[in-house]
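Below you'll find the structure, written out as structure tokens, and then a few comments.
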Amino acid sequence: MARSRVALLVALSIFVSISGSALAEEFLVKGRVYCDTCQAGFETNVTTYIEGARVRVQCKDSKSLQTVYSVEAKTDKTGTYYVTVKGDRLDQMCECVLLSCSLAGCNSADPGRSKSTIVLSRTENGILNTLQYANAMGCFKDKPLPVCSQLLNYYLSDV
Ligand SMILES: *[C@@H]1O[C@H](CO)[C@@H](O)[C@H](O)[C@H]1NC(C)=O
């Protein structure tokens, strides 16, 4: 009786520590890639989202600056990508990089919005933080939409 109870406790504590460490060492990074139809440098209400854009999440060692982790993903229909990052990243600098816009007519990355730093720290205010939102990354449409000049006046006057 006592022995089986001990065995159960041991089994339980192994289970808890395995699931605990799996949680602590896995992050889900979520972000979006958009087509900046106004070449505005930011998202507007005529911005569209790109399916099939390629992104990479990479982490560099903060001392050696060597890339020690790299994983690629593609955006879905809503322009959203998800990347699962495994392992401890506390001493690393991680970022999302736009590799390719993959949309005819909207195929050049906005240099100001083609990278996004992400912080893969386990806790924020003591809470386990496994989902990280990356800033959206953008591509310029070759020719701005006709509505853009009016629209940008509206956005830029709103200071
Ligand atoms: C975008 O915003 C502008 C300014 O508020 C508005 O005039 C325009 O109708 C909006 N366009 C769309 C597609 O929502």
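Bear in mind these aren't lab numbers, they're just calculated from the coordinates by the rules spelled out. For clarity, every value in this text was computed on a predicted model and none was experimentally measured. Don't worry about glycine lacking a Cβ; one is built from the backbone with ideal geometry, like all the others, and counts go over all protein chains shown.
Tabulated data for the structure shown
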| item | result |
| --- | --- |
| Placed amide H near residue 136: partners under 5 Å, 5+ positions off or other chain | 32 |
| Charge sum, other residues only, whose C-beta stays under 11 Å from residue 86's C-beta, Lys/Arg counted +1 and Asp/Glu -1 | -2 |
| Two-site FRET efficiency, residue 60 against residue 80, from Cβ-Cβ distance with R₀ of 30 Å, rounded to 0.05 | 0.75 |
| Neighbour net charge for residue 36 - beta-carbon separation under 13 angstrom, K R +1, D E -1 | +1 |
| Cα→Cβ-extended label distance, 7 Å offset, between residue 142 and residue 88, nm | 5.1 nm |
| ³J(HN,Hα) computed for each position of segment 48-61 - Karplus, 6.51 cos²θ - 1.76 cosθ + 1.60, integer Hz, glycine/proline x | 10, 10, 9, 8, x, 5, 9, 10, 10, 9, 10, 10, 10, 5 |
| Spatially proximal aspartates and glutamates relative to residue 74 (Cα-Cα < 12 Å; intrachain offsets below 8 disregarded) | 51 |
| Chain lengthening between residue 157 and residue 95 when straightened (0.36 nm per residue, less Cα-Cα) | 19.1 nm |
| Greater than 18 Å apart at Cα, pairs in 63/86; 30/77; 77/115; 30/86; 60/86; 63/115 | 63/86; 77/115; 63/115 |
| Protection proxy ranking of 111-119, 59-67 - average other beta-carbon atoms within 10 Å, highest first | 111-119, 59-67 |
